[in-house]
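**Q** Please see the structure below; I have some questions.
The values are calculated or read from the model by the stated rules, or taken from the named source; none is laboratory data. What you see is a predicted model, and the numbers here were worked out from it, not measured in a lab. Note: ideal-geometry Cβ built from the backbone for every residue, glycine included; neighbour counts use all protein chains shown.
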Amino acid sequence: MHAQQISIFLENKAGRLAEVTGILAAAGVNIRALALADTSDFGVLRLIVDDNQKAENALKQGGLTVSKTDVVAVAVDDRPGGLHHILELLQNAGINVEYMYAFVQHSGANAVMIFRFDQPDDALKVLTADGLKVIEGRRLYTM
Amino acid sequence: MIYDVEYETMPREALEAIQLRRLKTTLERVCATVPFYRERMATAGIKPRDIQRLDDIRHIPFTTKQDLRDNYPFGMFAVPMDTVVRIHASSGTTGQPTVVGYTARDVNTWATLMARALVAGGATANDIIHNAYGYGLFTGGLGVHYGAEKLGASVIPVSGGNTRRQILIMRDFKPTVITATPSYVLHLAEVAEEMGVSFKDLSFKFGIFGAEPWSEKMRQEIERKLNITAVDIYGLSEVIGPGVAIECHEAKKGLHIFEDHFLPEIIDPASGEVLPPGETGELVFTSLTKEAFPVIRYRTRDITSLNPEPCVCGRTHVRMNRVSGRSDDMLIIRGVNVFPSQIESILMETSEVAPHYQLVVDREENLDTLTVRVEVGEGLFSDEVRQLQALERQISKNIKETLGVSAKVKLVEPHTIQRSEGKAVRVIDNRKI
C-alpha cells in the first residue's frame with residue numbers, strides 16, 4: 001500500500017532546482033508531486049514521479065545523491081475538516097507525521113495528500129480501518 | 001637590552017664549541033636512556049662518538065612527529081617520571097596528542113629562554129605583561145608566564161578569551177607589554193573600538209606575537225592600531241615551547257635562534273639533504289640541553305631560511321626568517337594545529353564510508369574561522385532535514401571535542417569539492433597573511 005518517493009539532496013544555489021528538473025525532463029520523467037524542505041544552506045527535494053527507476057538512474061548519473069522513501073498517499077475528502085479528520089485519527093493513535101504535502105490532480109471529488117509517517121504500517125492500519133482510501137504507488141504514479 | 005649577555009653575544013667559535021660539547025652529551029644520553037634513539041642510531045650504524053664536528057650530525061637519522069606519536073605517551077622521555085615536573089601536549093590525531101615532558105631544570109631553562117625572548121622583544125623587569133596566550137596543555141601561556149616571572153616583570157595571566165574583560169583589565173591595570181597570537185590581538189583591538197576604548201590610549205609599548213603564521217603587513221597593522229613595536233616569536237612544544245627563537249626589537253628582521261640550546265639545520269624536505277646557509281628549506285632542530293624530552297634532528301615541517309649575518313642588536317645567534325609555509329598539510333587555526341587527517345578520522349566515526357571533505361580557512365574580523373565542507377553521499381543522506389542538521393551539529397561537536405577548534409560544518413552535494421588530478425583538494429586557506 002506504500003508509495004515511493006524520491007528524495008534528493010540539494011545545496012541552496014541559484015538555478016539548482018532548474019538543473020534537477022532539466023535532468024528529469026531530458027529523461028522523459030513526469031513529476032507528479034513535489035515538496036522542498038530547506039535550511040539556509042541546503043534542502044531536500046521530495047518527488048513523486050511516474051517512473052521511479054528512470055528518475056533515479058538519471059539523477060544519479062547527474063551526480064546527485066538520491067534516496068527512496070516509503071510514503072503513504074491518502075485520498076482526503078474535499079470538504080472542510082477532511083484533512084483534520086485524518087490528522088486527528090493519527091494523533092489519537094500516537095503516530096507522528098514527519099512531513100506531508102499535496103498531490104496535484106486534474107479532477108475528482110478528493111484531494112490527495114502524501115504523508116511520511118514515523119510508523120507507516122500502523123498508520124496504514126488506522127487509516128484503512130476508518131475507511132479512508134489509500135492510493136497504491138502503481139496507481140498514484142500515473143493518476 | 002640583552003638578558004643573557006654572555007651567551008647571547010658569544011663569539012661564534014666559542015658558541016659552536018659549546019654546541020658540539022652539548023650535542024655529544026645529548027647523544028650519549030639519548031642512546032643510554034631512550035630505546036627509540038638507541039635503535040635508530042644502531043640501524044644507521046652511527047655512534048655518539050662518531051660525531052666529531054657539528055656537521056657530522058647529518059649522518060644521524062631524522063625524528064618526525066609520527067615517531068613521537070608511535071611512542072605515545074611517554075616513550076620518548078629520557079628521564080624517569082619521578083623527575084618529570086611538567087607535562088604539556090599538543091593536539092594530535094584522535095586521542096593521540098604529542099606529549100612532552102620537562103624536568104625542573106628544563107622548566108628553568110625554558111623560563112630563562114623566555115626571559116631572553118621577552119627582553120629581546122622590548123620588555124624589562126619594570127613592565128606589566130598582559131599574557132593572552134592560552135594557559136593549559138598548550139605551551140604558550142605557561143611558557144610566557146614563567147619567562148615573565150623569571151625576568152621579574154609583573155605578569156597578568158589573563159589567557160585567551162573573555163575579550164571584553166581583557167579590555168577592562170588593559171584599561172585599568174595599564175599593562176605595558178602584550179603577548180598573544182597576532183590574530184587575537186587584532187580581534188582585541190576591534191572589540192576595544194566597539195567598547196569605545198582606544199588602544200592608542202592604553203599603556204602598551206611592546207607586543208610579542210606568535211604561535212601562528214603572520215606577515216609583515218599584519219605587523220604594520222598591529223603596530224599602527226596599538227601604537228607599539230611588535231616582534232615575532234617562534235617555538236614549538238616538541239622543541240621546548242615558545243622561546244626557541246625571537247626577533248629583536250632593534251632590528252625586527254628575522255628571529256634569533258637560541259643556539260646555545262638548540263642546533264638548527266635547514267634541509268631539503270624531499271631529499272633530506274642539508275642545505276647551505278641562506279637557502280630555503282625545512283627547519284630541523286636538535287635540542288642541546290633538554291633533559292626530559294630531548295629531540296634529535298626533529299623535523300618541524302616549517303619552511304624558512306637561516307641568516308648568519310651579524311645583527312645590529314649585538315646577538316651572535318643566527319636568525320631564521322619568518323616561516324613561509326609548511327612541508328606538510330598542517331594548518332594553524334587560532335594557534336591550534338590541525339591536520340586534515342584528524343578531520344577525516346572524525347568524519348569516519350559518523351559515516352561508514354569516508355565522505356569527501358574540504359577545510360576552508362578564512363580570517364573574519366581578524367579571527368580564523370574553519371568551515372568543513374562535507375559531501376553528502378548516500379551513506380550520509382537522510383530524507384529528513386532535521387537529521388541532516390543533527391549530523392552537522394554532531395560533526396561540529398566532535399571536532400570541537402577532539403581538536404579544541406570551533407568549526408562550521410556545511411553539507412554540500414557530491415562532486416562539488418574540487419579534485420585536482422583526481423585527488424580532492426583538502427584545504428583552501430583564504431587567509432591573507
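**Q** If I ask for residues that are assigned to a helix (DSSP H, G or I), buried (at least 17 other Cβ atoms within 10 Å of the Cβ) and at the interface with chain A (Cβ under 8 Å from one of its Cβ atoms), which ones from the range B:386-416 would you list?
**A** B:Leu388, the sole residue that qualifies.
**Q** Looking at B:Asp328, B:Asp362, B:Asp368, which one is away from chain A (no Cβ under 14 Å), closer than 30 Å to B:Lys252 by Cα and part of a loop (DSSP other than H, G, I, E, B)?
**A** B:Asp328
**Q** Okay, next question. Name the residues in the range A:16-33 that are out of contact with any Asp or Glu (no Cβ under 7 Å at 6 or more places or on another chain), over 24 Å from B:Glu392 (Cβ atoms) and either within 14 Å of chain B (Cβ to nearest Cβ) or polar (S, T, N, Q) (or both), would you?
**A** Passing the criteria: A:Thr21, A:Ile23.
**Q** Could you count how many residues in the range B:334-390 are within 30 Å of B:Asp302 (Cβ to Cβ) and either assigned by TED's automatic domain parsing to the domain that holds B:Ala132 or of a type outside the set (Asp, Glu) (or both)?
**A** 30
**Q** Kindly provide the set of residues from the range B:375-395 that are polar (S, T, N, Q) and within 32 Å of the chain's Cα centre (by Cα), ordered by number.
**A** The answer is B:Gln394, and nothing else.
**Q** Here is a follow-up. Please go through (1) more than 9 Å from every other protein chain (Cβ to nearest Cβ); (2) surrounded by fewer than 17 Cβ atoms within 10 Å (Cβ to Cβ); (3) within 21 Å of B:Val409 (Cα to Cα) for A:Glu11 and return the number of the only condition it doesn't satisfy.
**A** Going through the list (1) more than 9 Å from every other protein chain (Cβ to nearest Cβ); (2) surrounded by fewer than 17 Cβ atoms within 10 Å (Cβ to Cβ); (3) within 21 Å of B:Val409 (Cα to Cα), A:Glu11 breaks only (1).
**Q** For the range B:364-404, which positions are touching a residue at least 60 places away in the same chain (Cβ under 8 Å) and not aliphatic (A, V, I, L, M)?
**A** B:Glu365, B:Asn366, B:Asp368, B:Thr402, B:Gly404
**Q** Still on this structure, I have one more. Only residues that are in a loop (DSSP other than H, G, I, E, B) and closer than 27 Å to B:Met218 by Cβ: list them for the range B:337-359, please.
**A** B:Phe339, the sole residue that qualifies.
Quick grid of which residues meet (1) modelled with pLDDT of 95 or more; (2) more than 21 Å from B:Arg363 (Cβ to Cβ); (3) in a helix (DSSP H, G or I):
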| position | (1), (2), (3) |
| --- | --- |
| B:Val155 | yes, yes, no |
| B:Gly161 | no, no, no |
| B:Ile169 | yes, yes, yes |
| B:Pro175 | yes, yes, no |
| B:Ile178 | yes, no, no |
| B:Tyr184 | no, no, yes |
| B:His187 | no, no, yes |
| B:Glu190 | no, no, yes |
| B:Glu193 | no, no, yes |
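**Q** Also, quick follow-up: Could you tell me how many of the residues in the range A:23-35 are free of Cβ contacts under 8 Å to residues at least 24 places away in the same chain and under 17 Å from A:Ala73 (Cα atoms)?
**A** Counting residues in the range A:23-35 that are free of Cβ contacts under 8 Å to residues at least 24 places away in the same chain and under 17 Å from A:Ala73 (Cα atoms) gives 1.
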